[in-house]
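Structure record follows, encoded as structure tokens.
The values are calculated or read from the model by the stated rules, or taken from the named source; none is laboratory data. In this text the structure is predicted, and so the values were computed from the model without any measurement. Cβ sites come from the backbone with ideal geometry, for glycine too, and all protein chains shown count toward neighbours.
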Amino acid sequence: MDELIGSARTMATAWTEAAATVAGIPLPRPPLLAQTPRDELSLEGGARLLHFRSDAIPKTVARPILLVPSLINRWYVLDLRPGASLVEALVGAGFDVWLLDWGVPEAEDRYLDWDSVLARLGRAVRRVQRETRHAAIGLLGYCMGGTLSAIHAAQFADGIAAFVTLCAPIDFSQGGALRRMVDPSWFDADAIADAGNVAPDQMQAGFSALRPTLEAAKLMSQPDLALDPKAREAFLALEAWASDNIPFPGEAYRRYIREMYQGNELIAGTHRANGQAAQLGMIKCPTLVITASRDAICPPAAAFALLRHIGSTDTSVLEVPGGHVGAVIGSRAAKEMYPGLARWLAPRLA
């Protein structure tokens, strides 16, 4: 499967170049990614806190917001390219935007466990609080970053002024095809984790199984993309990010599969991390759940469930057309999701 995925991407690149040559247009150049100006603060284990500059745009929202991407994808999906960047949109709307870059796990990080990952998130939150002198900040988690953020918000509720999940699974019994793939009747998470970090190609093969015809569809679209510079730039930027995945630390993977996908402990109310219970009912701050209508990785029902279990009375839902990634960087994201999120956040982080 891994060889097939790599081969399909190589063929897609070759076809794009061939179509451009036949059409007499310049070959596509690699897209410029993650262009929002930023400063960086080092954390442990190769992790970083990114603080996005807003010198040209006065901050109009007092409290900062920390963005938490997935542990297994590169952070810049949230700042992919100009016009398709949640970071750019929030900075432009006057927010003080921070982001946790988890770093890239090495072979020795196979022992980085679930508790350690959550402790790293906690230190990032506290660093933002110290740097900005705000005891409570906004927190937005994307995909698995939203799951981790929900656990943190439940355990340290007083430090979160507003909470947003973006395509983040909470009720894993509603996890769709991914949940069926890792059903304990036939899937042994320990056997995978015992071998070390889970390689990006291993995980990509599972995601590809959700849409087995996707690579073929990309191939068929190449001649059209060669003639459309804007569409080609968007496609190449997404492909660059999608091909830049990182390993999943083995010990963290073990608990993520067993306790989230197989045990559904957040909904059951039995999850514990770093010796402390994670009760979703402790989340009492304003909470927004953003879902994607065609999300196969986090079906809407898996995300909506958060609002049935928290203690907040200020809750909202924003559904965006598209899939798991398109909801964040697609054309409808820029038109609907970014402004909708900014409108919701502004009065709650004032």
Looking at the structure I just gave you, is Ser42 at pLDDT 80 or above, out of contact with any Ser or Thr (no Cβ under 9 Å at 6 or more places or on another chain), surrounded by 16 or more Cβ atoms within 10 Å (Cβ to Cβ) and hydroxyl-bearing (Ser, Thr, Tyr)? no
So, in the stretch 160-174, how many residues would count as being more than 16 Å from the chain's Cα centre (by Cα) and more than 17 Å from Asp314 (Cα to Cα)? 4
In the stretch 168-187, what residues are under 20 Å from Ala292 (Cβ atoms), part of a loop (DSSP other than H, G, I, E, B) and not small (Gly, Ala, Ser)? Pro169, Ile170, Asp171
Exactly one of these conditions fails for Leu349: (1) over 19 Å from the mean Cα position of the chain (by Cα); (2) on the phi < 0 side of the Ramachandran plot; (3) surrounded by fewer than 16 Cβ atoms within 10 Å (Cβ to Cβ). Give me its number. (3)
When only residues in the stretch 314-335 that are within 18 Å of the chain's Cα centre (by Cα) and among the charged types (D, E, K, R) count, which is nearest to Ile297 (Cα to Cα)? Glu319
Note down all Cβ pairs under 6 Å where the first residue falls in the stretch 182-203 and is under 18 Å from Glu106 (Cβ atoms), the second is among the aromatic types (Phe, Trp, Tyr) and modelled with pLDDT of 95 or more, and they're at least six residues apart or on different chains. Ala193/Tyr253; Val198/Phe248; Val198/Tyr253
For the stretch 302-321, enumerate the residues that are in a loop (DSSP other than H, G, I, E, B) and either surrounded by fewer than 20 Cβ atoms within 10 Å (Cβ to Cβ) or touching a Pro at 6+ places or on another chain (Cβ under 8 Å) (or both). Gly311, Ser312, Thr313, Asp314, Pro321
What is the residue count in the stretch 287-301 for residues that are hydroxyl-bearing (Ser, Thr, Tyr), out of contact with any Phe, Trp or Tyr (no Cβ under 9 Å at 6 or more places or on another chain) and part of a strand (DSSP E or B)? 0
In the stretch 25-108, which strands (runs of 3 or more DSSP E) lie fully inside it and hold 3 or more residues that are within 24 Å of Gln129 (Cα to Cα) and among the charged types (D, E, K, R)? 38-42
Residue match in the stretch 77-90 (condition: basic (Lys, Arg) and closer than 16 Å to Ile246 by Cβ): no
Mind telling me which of the residues Phe52, Phe95 ends up being buried (at least 22 other Cβ atoms within 10 Å of the Cβ), more than 26 Å from Phe248 (Cα to Cα) and at pLDDT 95 or above? Phe95
Options Ala278, Ala305, Ala268, Ala301; residue that is among the hydrophobic types (A, V, I, L, M, F, W, C), under 22 Å from the mean Cα position of the chain (by Cα) and more than 16 Å from Leu166 (Cα to Cα): Ala278
